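J.: First the structure, then my questions, so here it is.
Coordinate-derived values only; no laboratory data. The model shown is predicted, which means the values in this text are computed figures rather than measured ones. Cβ placement follows ideal geometry from the backbone for every residue including glycine, while neighbour counts extend to all protein chains displayed.
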Number of protein chains: 2
Amino acid sequence: MSKNVELDAKDVRIVRLLRKNARISNKELAAKAGLAQSSCLERVRRLRMARVLTGYHADVDPDPLGIGLQAMVAVRLARHARADVEAFERHLETVTEVVTIFHVAGANDYLVHVAVRDSAHLRELALSAFTERPEVDHIETQLIFAHRRNHELPVYLDLEED
Amino acid sequence: MSKNVELDAKDVRIVRLLRKNARISNKELAAKAGLAQSSCLERVRRLRMARVLTGYHADVDPDPLGIGLQAMVAVRLARHARADVEAFERHLETVTEVVTIFHVAGANDYLVHVAVRDSAHLRELALSAFTERPEVDHIETQLIFAHRRNHELPVYLDLEED
DNA sequence: AGTGAAAGAGCCAGACG
DNA sequence: CGTCTGGCTCTTTCACT
């Protein structure tokens, strides 16, 4: 899949710092990673080119944006032919309420995290984006009370480095 | 929950742009949002203070970091007393393999997205972080083949603005 | 609130050790 | 890989709408 990118301890430190705060200045990043600014800039560029760093995104409180409700929709497909899988995934990409799509192995085929205005909106979305789709056999919707994302990298990654 | 923050169309545009690219320069952000640099800077500051923008984070390819496997662990608690819930959540915060915790209503109580080295690591984690916990009644683990996050804001948010 | 201008800080390349 | 230099761009403040 990904090219044989080898990361050393300083690369991991850079990645870890950018994961925690993507708007850190190169100057501060260099200082905290223990590098000169020029070297740091070069490493970040290489990490981006190698697609180790794939993007920088702001996290937003859904409430003031009018997102009153979030849910996880577990989806089981009727058939698992490549055509069905691809058609369903292409369809999901057009649904703006979708936050994250997890393609899983187990009782379900997909877990789809959606963000909606209210319960009426969720009901309408469940029908139009899922139940009424020909590829879909069955869905089960769970309301999300709260969710917390962890922006630290796992510590076990440190053990591999010098 | 959140204070009565009212966002106008320009705020939404700023948030949308920062969600797509958190490292955009203030100059470019101002141009794309249709504001002077100084006004744009002031708005971003206000959005951060109001906790509408809660952070900026780099997205990383898990592969080169030694994350070979990801899974969603569905957890059912034995009891739902406040003490049990809080103890379990506090525990999860100490587990570095945890990526996201979804607290849900439905058949399960939590969906926990974890990132691990390999299947041996997952097996060990399932035992030590979940099954052996006194608060936990039952878990079900689903392998994540792939997941795609959508960094666009839902389009239905635009309709509220002038 | 928003703007424009001006000072200050940070960015980034190139040359060299 | 680190340092230094120099020019350039972006950031940030401030007085004025």
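J.: I want to confirm something. Restricting to the range B:128-162 and keeping residues that are assigned to a helix (DSSP H, G or I) and farther than 23 Å from A:Asn108 by Cβ, which single residue is farthest from the other protein chains (Cβ to nearest Cβ)?
T.: Here is the first cut: in the range B:128-162, the residues assigned to a helix (DSSP H, G or I) are B:128-131, B:155-160.
Checking which are farther than 23 Å from A:Asn108 by Cβ leaves us with B:128, B:155-160.
Working: B:Ser128: 13, B:Val155: 5, B:Tyr156: 7, B:Leu157: 5, B:Asp158: 10, B:Leu159: 9, B:Glu160: 6 Å.
Across the range B:128-162, the extreme among qualifying residues is B:Ser128.
J.: Looking at A:Glu124 and the list (1) within 7 Å of chain B (Cβ to nearest Cβ); (2) of a type outside the set (A, V, I, L, M, F, W, C); (3) more than 16 Å from the chain's Cα centre (by Cα), which single condition is not satisfied?
T.: Among (1) within 7 Å of chain B (Cβ to nearest Cβ); (2) of a type outside the set (A, V, I, L, M, F, W, C); (3) more than 16 Å from the chain's Cα centre (by Cα), A:Glu124 violates only (1).
J.: Further, regarding this structure: Would you be able to say whether some residue in the range B:24-43 is away from DNA strand C (no atom under 16 Å from the Cβ) and under 30 Å from A:Glu6 (Cα atoms)? Give the steps one after another, and end with the answer.
T.: Within the range B:24-43, the first condition is being away from DNA strand C (no atom under 16 Å from the Cβ), and the residues that meet it are none.
Within the range B:24-43, not a single residue is away from DNA strand C (no atom under 16 Å from the Cβ) and under 30 Å from A:Glu6 (Cα atoms).
J.: Across the range B:3-12, which residue is nearest to the other protein chains (Cβ to nearest Cβ) among those that are surrounded by fewer than 15 Cβ atoms within 10 Å (Cβ to Cβ) and either closer than 25 Å to A:Arg48 by Cβ or within 11 Å of DNA strand C (Cβ to nearest atom) (or both)? So that I can check it myself, show each step before the final result.
T.: Going through the range B:3-12, the residues surrounded by fewer than 15 Cβ atoms within 10 Å (Cβ to Cβ) turn out to be B:3-4, B:6, B:8-9.
The next check asks that each one be either closer than 25 Å to A:Arg48 by Cβ or within 11 Å of DNA strand C (Cβ to nearest atom) (or both); those that pass are B:6, B:8-9.
Numbers: B:Glu6: 8, B:Asp8: 11, B:Ala9: 12 Å.
Out of the qualifying residues, it is B:Glu6.
For every residue, the table says whether it meets (1) surrounded by fewer than 15 Cβ atoms within 10 Å (Cβ to Cβ); (2) in a helix (DSSP H, G or I).
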position	(1), (2)
A:Ile14	no, yes
A:Arg19	no, yes
A:Ala22	no, no
A:Thr54	yes, no
A:Val73	no, no
A:His80	yes, no
A:Val85	no, yes
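J.: Now, a different point. Which condition from (1) away from DNA strand D (no atom under 13 Å from the Cβ); (2) more than 9 Å from every other protein chain (Cβ to nearest Cβ); (3) out of contact with any Ser or Thr (no Cβ under 6 Å at 6 or more places or on another chain) is the one that B:Ser38 breaks?
T.: So the condition that B:Ser38 fails would be (1).
J.: Another question, if that's okay. What is the one condition in (1) out of contact with any Cys (no Cβ under 9 Å at 6 or more places or on another chain); (2) in contact (Cβ under 8 Å) with a residue 12 or more places away in the chain; (3) within 12 Å of DNA strand D (Cβ to nearest atom) that B:Gln70 does not satisfy?
T.: So B:Gln70 meets the others, but not (3).
J.: B:Met49 is checked against (1) away from DNA strand D (no atom under 12 Å from the Cβ); (2) within 23 Å of A:Lys20 (Cα to Cα); (3) surrounded by 13 or more Cβ atoms within 10 Å (Cβ to Cβ) and fails just one. What number does that condition carry?
T.: (3)
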